[in-house]
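Structure first, commentary second.
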Amino acid sequence: MDVFSDLIRGVRAHGSLFGRSTLSPPWALHFVDGAPLTLCTVVTGAGWIVPEHGPAEPLRARETIVVRGPGTFTFVDEPGTTAEPIACGEDCATPEQGGTRHRLGWHDDGPGATTLIVGAYPVRGEISQRLLDALPVVLRVDGGSEDDPVLDHLAAEVAVDAPGQQVVLDRLLDWLLVCTLRAWFDRPGGEPPAWWAAQRDPVVGQALRLLHAEPAAPWTVAALAERTRVSRSTLAKRFAELVGEPPLSYLTRWRMTLAADLLLDREAATIADVARTVGYADPFGFSAAFKRVRGANPSEFRRTAVAQR
């Protein structure tokens, strides 16, 4: 499994809040729920995304913007619009509002109207947080082609009630998120996280895939070098240059990330169980490594995280 697939596997739509609003100016929709990730796509027309803390970003037809929470944001026809904001949060998807659909503001399907599709995306777990940490508050991807069949299908699906609609919308949102993030990481002149760029290297990319596919294996630099068919010194040098840390340091941090989620997902599991799952035969050695990386021992981490839920 590649790094990106591993990080995004916990970022899955499930009963996501979808909305479609067709608006004629002036308008101002204020999204107040502060979702960890919100995707905004304009099918027709144009507008501006105004984050709670940051400059306004234009959003043109067939373009997608991802807003990272917990800050709120507003979608407006023009910066400084005179329209009074309409609050949009979880209540936009109540049964009274049509389930996963909502129509807000000044509904007008006539010429010049702007059609906005919004998907609020839940993100949970320490694994997914590593992906969020690599994203800015607002990221924008240039528009797709005029005959993008998936975007057309998304627009059509949001506009109707049909059996299985939520499943379809969830999978379309997964598709849209993955494609948007890949396009943003690969944009010309961008500065993607080290793990993204390192995946393209034939040696380091293979080493990363091995570490993510078999995190509990008894890895050494020599064993990893043998599997990637280079010398130990070559692997160590290239890995540190591209990823920013030695292979085993990266492995330890990844194991502790996995362990953090396991401690919360399997509250009945003992510390020894979690330790074995991430490759530690000795729970005391695991606890010491966890505290070194996470700043608290596993029991303290679990107790604090559960109390904050």
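The values are calculated or read from the model by the stated rules, or taken from the named source; none is laboratory data. Owing to the predicted nature of the structure, the values given are computational and were not obtained by experimental measurement. Virtual Cβ from ideal backbone geometry, glycine too; neighbours counted across all protein chains shown.
Matching residues to (1) out of contact with any Leu (no Cβ under 7 Å at 6 or more places or on another chain); (2) of a type in the set (Gly, Ala, Ser):
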site	(1), (2)
Val221	no, no
Ala225	no, yes
Ser233	yes, yes
Ser249	yes, yes
Asp261	yes, no
Thr277	no, no
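Within region 9-16, is there a residue that is surrounded by fewer than 19 Cβ atoms within 10 Å (Cβ to Cβ), under 20 Å from Leu181 (Cβ atoms), modelled with pLDDT of 80 or more and in the same structural domain as Val118 (by TED's automatic domain parsing)? Show your work before the answer.
Taking region 9-16 as the starting set, the residues that turn out to be surrounded by fewer than 19 Cβ atoms within 10 Å (Cβ to Cβ) are 9-10, 12, 14-15.
Applying the additional criterion that residues be under 20 Å from Leu181 (Cβ atoms) yields 9-10, 12, 14.
From what is left, the residues that are modelled with pLDDT of 80 or more are none.
Scanning region 9-16 turns up no residue that is surrounded by fewer than 19 Cβ atoms within 10 Å (Cβ to Cβ), under 20 Å from Leu181 (Cβ atoms), modelled with pLDDT of 80 or more and in the same structural domain as Val118 (by TED's automatic domain parsing).
Please go through region 30-46 and pick out each residue that is at pLDDT 85 or above and either surrounded by fewer than 17 Cβ atoms within 10 Å (Cβ to Cβ) or not β-branched (Val, Ile, Thr) (or both). Lay out the reasoning, then the answer.
First, pick out the residues of region 30-46 that are at pLDDT 85 or above: 30-31, 36-42, 45-46.
The answer is His30, Phe31, Pro36, Leu37, Leu39, Cys40, Gly45, Ala46.
Based on this model, can you work out whether Val204 counts as assigned by TED's automatic domain parsing to the domain that holds Tyr280, of a type in the set (Val, Ile, Thr) and either exposed (fewer than 14 other Cβ atoms within 10 Å of the Cβ) or not in a helix (DSSP H, G or I) (or both)?
no
With the structure loaded, tell me whether Leu224 is in contact with a helix residue (DSSP H, G or I) (Cβ under 6 Å, 6 or more places away or on another chain), in contact (Cβ under 8 Å) with a residue 12 or more places away in the chain and either outside the structural domain of Pro136 (by TED's automatic domain parsing) or basic (Lys, Arg) (or both) or whether it fails that test.
yes
State yes or no: is Leu135 in a helix (DSSP H, G or I) and either assigned by TED's automatic domain parsing to the domain that holds Arg68 or under 21 Å from the mean Cα position of the chain (by Cα) (or both)?
No.
Give the residues of region 144-192 that are of a type in the set (D, E, K, R), modelled with pLDDT of 80 or more and assigned to a loop (DSSP other than H, G, I, E, B), sorted by residue number.
Asp186, Arg187, Glu191
Within region 249-280, which residues are touching an Asp or Glu at 6+ places or on another chain (Cβ under 9 Å), free of Cβ contacts under 8 Å to residues at least 40 places away in the same chain and aromatic (Phe, Trp, Tyr)?
none
State whether one or more residues within region 257-268 are surrounded by 15 or more Cβ atoms within 10 Å (Cβ to Cβ) and farther than 15 Å from Ile127 by Cα.
Within region 257-268 (the criterion being surrounded by 15 or more Cβ atoms within 10 Å (Cβ to Cβ) and farther than 15 Å from Ile127 by Cα), the answer is no, since none of the residues qualifies.
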